[in-house]
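Engineer: Quick one: structure below, then a few questions.
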Amino acid sequence: MVRKGVWIAIIAGVVTACGFGVRAHAAGDTLQAGATAPDFSLPSQEDTAVSLSQYKGKWVVLYFYPKDMTTGCTIEAHNFQSDLPKYDALNAVVLGVSLDTVESHKTFCTKVSLTFKLLADPDHKVIDAYGVPVTVRGDNKFAARDTFLISPAGKVVKVWTGVNPNTHSGDVLGAIAGMNGDDKVQARKM
């Protein structure tokens with residue numbers, strides 16, 4: 001019994017030392033609804049700077065994802081792309097962020113025909129500012145699949161963590177539509 005426990009401890013130590021599935025730090029806790037969304041400026045797939053402040057007065061869907069050209073990330077991006085007209089109708093923009101480079105984003109956008117902005121954050125400045133966990137596997141780092149819905153006034157109004165890439169875009173659209181409906185109800189009450 002003791003030997004079995006020793007072997008389990010050794011294996012666990014080796015796996016941890018190799019970095020498989022180890023969570024790296026995020027700069028702090030994940031931002032919560034009610035917080036002011038930190039402004040940022042990151043390069044997009046067009047290698048032009050994109051800042052949150054550019055979208056004041058619009059809903060911003062700021063979604064973090066693990067890696068360009070992987071199955072789940074491609075599904076999630078395709079769903080956002082397919083729903084872009086619905087986001088436009090709700091006065092919303094979609095911005096994707098990962099640890100990938102501008103070049104990786106260019107390739108990904110070309111390969112899967114994405115037109116919304118993907119932002120490169122290889123130094124995880126924005127990922128850390130929003131408190132998105134980073135997982136380390138060997139030499140690779142991956143941001144968690146988390147999304148922040150930012151109001152036209154610049155406040156985080158909803159946070160999704162560990163989202164399902166198959167249904168997430170619909171969930172976000174529903175939340176925006178519900179909040180827009182709440183705004184209309186509030187305006188009628190005044």
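Engineer: Looking at region 35-61, which of the residues that are in contact with an Asp or Glu (Cβ under 9 Å, 6 or more places away or on another chain) and among the hydrophobic types (A, V, I, L, M, F, W, C) is farthest from G174 (Cα to Cα)?
Structural biologist: L42
Engineer: Across region 122-148, which residue is nearest to the chain's Cα centre (by Cα) among those that are basic (K, R) and loosely packed, with under 15 Cβ neighbours inside 10 Å?
Structural biologist: If we take residues in region 122-148 being basic (K, R) and loosely packed, with under 15 Cβ neighbours inside 10 Å, then K125 is nearest to the chain's Cα centre (by Cα).
Engineer: Does region 143-153 contain any residue that is touching a residue at least 40 places away in the same chain (Cβ under 8 Å), under 27 Å from P85 (Cα atoms) and among the charged types (D, E, K, R)?
Structural biologist: Yes.
Engineer: Which residues, counting only those in region 34-51, are farther than 15 Å from G131 by Cα, touching a helix residue (DSSP H, G or I) at 6+ places or on another chain (Cβ under 9 Å) and open to solvent by less than 20 Å² (accessible area, probe 1.4 Å)?
Structural biologist: Within region 34-51, L42, S44, Q45 meet the criteria.
Engineer: Mind checking which residues of region 131-151 are out of contact with any strand residue (DSSP E or B) (no Cβ under 6 Å at 6 or more places or on another chain) and closer than 22 Å to Y55 by Cβ?
Structural biologist: Across region 131-151, the qualifying residues are G131, R145.
Engineer: S151 is checked against (1) closer than 14 Å to V61 by Cβ; (2) open to solvent by 20 Å² or more (accessible area, probe 1.4 Å); (3) polar (S, T, N, Q) and fails just one. What number does that condition carry?
Structural biologist: (2)
Engineer: Of all residues in region 91-113, how many are surrounded by 17 or more Cβ atoms within 10 Å (Cβ to Cβ) and touching a residue at least 40 places away in the same chain (Cβ under 8 Å)?
Structural biologist: Of the residues in that region, 10 qualify.
Engineer: What residue, among those in region 55-90 that are polar (S, T, N, Q) and in contact with a Ser or Thr (Cβ under 9 Å, 6 or more places away or on another chain), is surrounded by the fewest Cβ atoms within 10 Å (Cβ to Cβ)?
Structural biologist: Of everything passing the filter in region 55-90, S82 is surrounded by the fewest Cβ atoms within 10 Å (Cβ to Cβ).
Engineer: In addition: Output the residues belonging to region 128-159 that are out of contact with any Lys or Arg (no Cβ under 6 Å at 6 or more places or on another chain), under 15 Å from L95 (Cα atoms) and not in a loop (DSSP other than H, G, I, E, B).
Structural biologist: A143, T147, F148, I150, V156, V159, listed by residue number.
Engineer: Test A17 against the criterion of being open to solvent by 20 Å² or more (accessible area, probe 1.4 Å) and either modelled with pLDDT under 95 or touching a His at 6+ places or on another chain (Cβ under 6 Å) (or both), and give yes or no.
Structural biologist: yes
The values are calculated or read from the model by the stated rules, or taken from the named source; none is laboratory data. Computed from a predicted model, the values in this text were never measured in an experiment. Reconstructed Cβ throughout: ideal geometry from the backbone, glycine too, with neighbour counts over all protein chains shown. Calculation scope for accessible area: heavy atoms of the full protein, side chains included, ligands and nucleic acids excluded. Shrake-Rupley method; radii C 1.70, N 1.55, O 1.52, S 1.80 Å.
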